[in-house]
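The values are calculated or read from the model by the stated rules, or taken from the named source; none is laboratory data. Here the structure is a predicted model, which is why all the values come from computation and not from measurement. Methodologically, a virtual Cβ is constructed for each residue, glycine included, from the backbone with ideal geometry; neighbour enumeration extends over all protein chains shown.
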Amino acid sequence: MARIPLLQLSDVSLTFGGDPVFAGLDLVVQPGDRLALVGRNGSGKSTLMKVMAGLVEPDSGSLVVAPGNTVGYMEQDADMSGFATLGDYAASGVAPGELYRIERAGEGLKFDPARAVSTASGGERRRAALAKLMGEAPDLMLLDEPTNHLDIEAITWLEQELSSTRAAFVLISHDRAFLRRLAKATLWIDRGTVRRQDKGFDAFETWRDAIWEEEDMQRHKLNRLIKSESKWAVEGISARRKRNQGRVRALQALRAERAGQIRRQGTAELALQSGDKSGKKVIEATGISKSFGETAIVRNFSLTVQRGDRVAFVGPNGAGKTTLLKLLLGEIRPDAGTVKLGTNLEIAVFDQARAQLDPDLSLWDSLTGDAEMRVSGKADQVMVRGAPRHVVGYLKDFLFDEAQVRAPVRSLSGGEKARLLLARLMARQSNLLVLDEPTNDLDVETLDLLQELLDDYDGTVLLVSHDRDFLDRVATMTIAMEGGGRAVAYPGGWSDYMAQRRERPDPAIPEAARPAKEKARKDPPAKNGLSFTEKHRLENLPAEIERLEAEISKLETLMADPDLYTREPVKFRKATEALVQRQSALSAAETEWLELEEKAGG
């Protein structure tokens with residue numbers, strides 16, 4: 001017996017001026033569906049979700065929700081006007097007998113219902129919106145970037161709740177780890193078309209690349225056919241005018257087909273350039289402590305950051321990650337201890353609060369008004385890594401079109417604001433990058449580019465993020481803010497931290513109170529003379545070598561195309577540079593593995 005869909009969109013079309021957002025879109029959500037809705041920034045994901053929620057009416061087509069079923073929607077920036085507190089907003093529209101759900105969600109998400117809406121942070125507002133959705137308990141939940149501004153503890157709780165719910169849900173998220181754990185199928189929106197694959201998010205990129213490869217092949221065949229037919233038309237049409245009008249019309253139809261194809265959005269032209277090398281020792285903190293009143297942020301913490309390190313800071317919201325960053329950068333004085341900064345530092349900062357962006361300025365003025373980017377006597381140019389660039393051309397590198405250049409910053413989406421901040425950041429030469437939540441709102445493709453840039457960056461990186469996948473890809477050291485003033489350094493990224501933390505006893509529990517089994521494994525012996533860090537590195541090197549080999553194979557396949565250099569010289573150059581870098585990294589990794597194996601055997 002066929003199931004009745006929870007929600008069905010039929011032949012939906014929508015246009016906001018210019019190209020259509022959707023045309024002839026059909027979509028079905030079944031009971032129990034767990035869907036990831038993915039696509040580039042600006043592709044229409046949030047708009048589609050609003051259509052599904054009944055908040056945006058399409059130009060044509062229909063939306064049908066199965067009788068007796070409800071749809072709940074958590075948007076990125078909920079309108080809380082008219083509510084005094086977060087609790088008032090979360091409880092609105094929820095029956096008194098169901099308020100226990102909000103209380104339960106509030107406990108899991110750790111949001112304060114008494115917090116005034118006017119003073120609530122982005123993360124607190126996000127928690128209230130999630131608690132409201134959980135309280136409503138709809139049959140279909142639509143969640144637009146639910147993990148933005150949430151700490152990893154709250155994200156983990158939300159994962160557990162969604163894993164156990166009977167409701168269907170559709171997720172928009174940039175958080176790969178979140179999508180991998182929850183999504184059982186993927187909806188991909190690309191140039192107004194929505195495709196569905198009934199596999200988890202892990203299979204998405206392979207599926208997407210296969211579709212794009214087939215599309216490129218068909219476009220290449222079409223171009224060859226048009227070239228062949230155009231040559232025939234020029235050389236012989238005068239002698240065969242009457243007899244071959246059909247062939248001429250066919251050529252015109254081919255050209256119209258090519259002109260009607262919507263080119264997929266390119267990737268942002270992100271680039272980082274290191275300035276002069278800093279000293280080998282970038283930061284040396286010795287026994288630093290800092291408290292605000294009775295709240296200890298950090299106690300007796302020591303850390304040495306060397307040139308080239310990628311140091312991540314993790315912990316619950318409010319644990320003091322940003323405060324510790326400011327202590328290490330010398331922006332705040334510690335109550336005790338010392339901080340010494342290395343020599344020749346050029347610092348560039350990505351601010352999670354977007355405070356560097358004036359919402360009333362245009363994109364143009366946001367760049368030209370920056371004293372460090374201004375070019376004397378050239379109102380339409382900005383200085384980018386030591387060379388002048390036209391403002392519009394530079395903004396196009398970050399996927400902004402000319403129509404947006406004079407628009408106010410407030411009109412941008414979250415992902416577009418993040419790209420504008422990256423444009424300002426990457427115009428500077430630096431040797432110390434401070435990235436405070438850089439991954440919020442960025443699409444998967446831009447995140448991949450940012451990770452690759454950080455891999456190749458010659459300087460040092462200090463990173464605050466709740467994106468576990470990004471931390472695993474980037475961090476070489478993780479500083480965990482564990483509460484009570486404890487900040488502990490662990491080698492590696494998020495997964496490494498979690499693995500090591502499971503082996504490390506809680507210092508808050510007295511030694512005598514710990515189980516004998518835990519005491520016995522408190523200090524695991526080193527493997528054949530290897531230090532803990534070396535043992536951990538040896539265990540992880542095979543996976544790293546396998547990843548590099550796969551990337552090299554992919555690049556070699558790409559460069560095997562004999563027409564790539566003439567057709568896309570920039571792509572060819574980048575692929576060549578990436579191949580050299582990956583080959584060098586592979587050689588170094590293999591050498592390191594051999595050395596550690598030899599040491600372990602000794």
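Okay, here's what the table says:
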item	result
Condition check for LEU579: of a type in the set (A, V, I, L, M, F, W, C), surrounded by 11 or more Cβ atoms within 10 Å (Cβ to Cβ) and either out of contact with any Leu (no Cβ under 6 Å at 6 or more places or on another chain) or modelled with pLDDT of 80 or more (or both)	no
Given (1) at pLDDT 95 or above; (2) closer than 19 Å to GLY44 by Cβ, number of the condition PRO146 does not satisfy	(1)
Test for GLU159: is it modelled with pLDDT of 90 or more and outside any loop (DSSP other than H, G, I, E, B)	yes
Failed criterion for GLN197 (all others in (1) touching a residue at least 40 places away in the same chain (Cβ under 8 Å); (2) assigned by TED's automatic domain parsing to the domain that holds SER43 hold)	(1)
Filter pass, ASP441 being closer than 23 Å to PHE204 by Cα and either of a type in the set (Lys, Arg) or not in a strand (DSSP E or B) (or both)	yes
Residue list for segment 366-412, filter: free of Cβ contacts under 8 Å to residues at least 24 places away in the same chain and closer than 15 Å to ARG428 by Cα	THR368, GLY369, ALA371, ARG374, VAL375, GLN381, ALA387, PRO388, ARG389
Residues of segment 311-325 satisfying the condition of being among the hydroxyl-bearing types (Ser, Thr, Tyr) and modelled with pLDDT under 90	THR322
Total residues in segment 366-389, condition buried (at least 18 other Cβ atoms within 10 Å of the Cβ) and outside any loop (DSSP other than H, G, I, E, B)	8
Entirely in segment 5-49, the strands (runs of 3 or more DSSP E) that have 2 or more residues that are surrounded by 15 or more Cβ atoms within 10 Å (Cβ to Cβ) and either free of Cβ contacts under 8 Å to residues at least 60 places away in the same chain or in contact with a Pro (Cβ under 8 Å, 6 or more places away or on another chain) (or both)	7-15, 20-29
Residues that are surrounded by fewer than 18 Cβ atoms within 10 Å (Cβ to Cβ) and hydroxyl-bearing (Ser, Thr, Tyr), drawn from segment 56-94	SER60, SER62, THR70, SER81, SER92
Scope segment 122-152; condition in contact (Cβ under 8 Å) with a residue 60 or more places away in the chain, over 18 Å from the mean Cα position of the chain (by Cα) and farther than 21 Å from VAL71 by Cβ; matching residues	none
Filter pass, LEU86 being touching a Lys or Arg at 6+ places or on another chain (Cβ under 8 Å) and at negative phi	yes
Residue within segment 437-455 that is touching a strand residue (DSSP E or B) at 6+ places or on another chain (Cβ under 6 Å) and surrounded by fewer than 20 Cβ atoms within 10 Å (Cβ to Cβ) present	no
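Let's see how each residue does on (1) in a strand (DSSP E or B); (2) β-branched (Val, Ile, Thr); (3) without any contact (Cβ under 8 Å) to a residue 40 or more places away in the chain; (4) crowded, with 18+ Cβ neighbours inside 10 Å:
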site	(1), (2), (3), (4)
LEU327	no, no, no, yes
GLY330	no, no, yes, no
ARG333	no, no, yes, no
THR338	yes, yes, no, no
THR343	no, yes, no, no
ALA348	yes, no, no, yes
GLN356	no, no, no, no
ASP360	no, no, no, no
TRP364	no, no, no, yes
